[in-house]
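What follows draws every value from the coordinates through simple rules; no lab data is involved. Just so it is clear, the structure is predicted and the values come from calculations on it, not from any experiment. Counting neighbours? That spans all protein chains shown, and the Cβs are built from the backbone with ideal geometry, glycine included.
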Amino acid sequence: MSKNAMWLTVIFVAAIIGAMLGPSLGSVVGEGTMLILAPIFLIGVIVFCIWALSSNKSGAKADPAALAEARRMQAPAGKARIYVTRRGFVGALQGVNVTLDGAATGQIKSGQMLMADVEPGTHHIRAATAKAKLANAGEIAVDIGAGGVVVIDAMLEMGALKGSVKLTRLDTAKAREDVHATKLILWEVPPSRLALPFARSR
C-alpha cells in the first residue's frame, strides 16, 4: 500500500468512528469538553491505525503468466498444490503472515493469495497478523496426495478483546471462486526454487 493510500484509509476510518461516537459522547460530556476531547480522540485513532498497519509489507505481485497458471488450479506432475487466500472486509488492510512447514513465509492482505507446489504428504500452515497483538494466530495441517489441490481461507474473526485468524479448508466450488477472485503474491521466502518456476515479479 502506498503512503498516500494508507493516509487516506486512516483518515477515512477515523472520520467514520468519530461520526458514530461523536453525538453520543457530546451529549454525555457536554459541548465544551467535547471540543477538547474530539481532536485528542481523532489523533488517538489515527495513531492506532498507523501502528496497526506499520508492520505490513508490500509483497511482489506475480506476473500475468504466473497468475494464469495459478488459476488453472492444476498441480505439476508428481506434486501437490496449496493455496492460501484472503477475502472479506474484516481487517482487510491488515497483513497476515503465512508460514508453510515452518520455512516458507509470505504476507497477504484481503484480495490476495499465496501458492506453493509441494511434495505430497502432510503440510502445516500457520497464519498470524503482522501485528501479533491484534489477533491470535491460526494453524492447520493438510494431507494432500500427488496431483491434489488444497485451498485454505485465512479469515480474521473479531472477538470482544482480541481477534483470531481462522484457517479453513474450502470445498471445490468456493476454492475455485476464491482463487479466481484474488491476486497472486510471491513468497518472501519461497518453499524452494523449484516449487515456483513460473513465479516472476512484475
Q.
I need the phi-derived Karplus couplings for region 135-151: 6.51 cos²θ - 1.76 cosθ + 1.60, θ = phi - 60°, integer Hz, Gly and Pro marked x.
A. 7, 6, 6, x, 9, 8, 10, 10, 9, 9, x, 4, x, x, 10, 10, 10
(Q) Under the rule of at least 5 residues apart or a separate chain, name every residue whose amide H is placed under 5 Å from the amide H of residue 87. (A) 111, 154
Q: Could you size up the charge dipole of region 106-164 around its Cα centre, putting +1 on the beta carbon of Lys and Arg and -1 on that of Asp and Glu, and report it in debye to the nearest 20?
A: 460 debye
